[in-house]
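Notes to accompany the following structure.
The values are calculated or read from the model by the stated rules, or taken from the named source; none is laboratory data. Because the structure is predicted, anything quoted here is derived from the model rather than measured. Neighbour counts run over all protein chains shown; Cβ positions are idealised from the backbone, glycine included.
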Amino acid sequence: MILLKTEIGQQVLKDRSVRLTPRQRSAFILFDGRRSVADVLAAGMGVVQEDVDQLLDLGLLGRPAASASDAGLPTASVPDTAASLPSVAVTDSRSAQQRYQDAYPVATRLTASLGLRGFRLNLAVEAATTYEELAALAPKIKSAVGPEKATPLELALGS
């Protein structure tokens, strides 16, 4: 299967709004629309299928537009809208660390969209290192972006 970076993925590569492990970042860079998943996994960089799955789940990678709609996967031309934010199914089995990992990219994306108006809030989100710290900032983020745009964050936090 051939994968390439989505528009969201291109933006994340530039602004680093999603924390990627070094292996995930390396894999992400290698996906150029010419290399298959097998090629990237065999590149000798320690990349495993779970890394690729995480990049797909976040919407950072997609299949070329011609075959993506057939497979129901994100395409490389996914528009940068609230609907394209990673959706997170809220389950009771997610740990606080997993909820933090799910919510952090959403929170940074929301606060970054505020521009200078949300600069301090964006800094506070980037400084948050635990689920509890991020959850404490959620009401401020909701107030700044509005309830509709804050819904993905609430889902990711499980609140």
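A compact table of results
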| item | result |
| --- | --- |
| Candidate set from segment 29-53 (those that are closer than 21 Å to Q98 by Cα and assigned to a helix (DSSP H, G or I)); member that is farthest from the chain's Cα centre (by Cα) | Q49 |
| Single match in A127, A103 (criterion: more than 17 Å from the chain's Cα centre (by Cα) and among the small types (G, A, S)) | A127 |
| Test: residue in segment 80-88 that is modelled with pLDDT under 85, more than 25 Å from P22 (Cβ to Cβ) and touching a strand residue (DSSP E or B) at 6+ places or on another chain (Cβ under 9 Å) | no |
| Residue ranges of helices (runs of 4 or more DSSP H) in segment 106-159 with at least 3 members outside the structural domain of V18 (by TED's automatic domain parsing) and more than 24 Å from L20 (Cβ to Cβ) | 131-145, 147-157 |
| Residue selected from segment 127-146 under the condition surrounded by 15 or more Cβ atoms within 10 Å (Cβ to Cβ) and of a type outside the set (G, A, S), by the criterion farthest from L157 (Cα to Cα) | V145 |
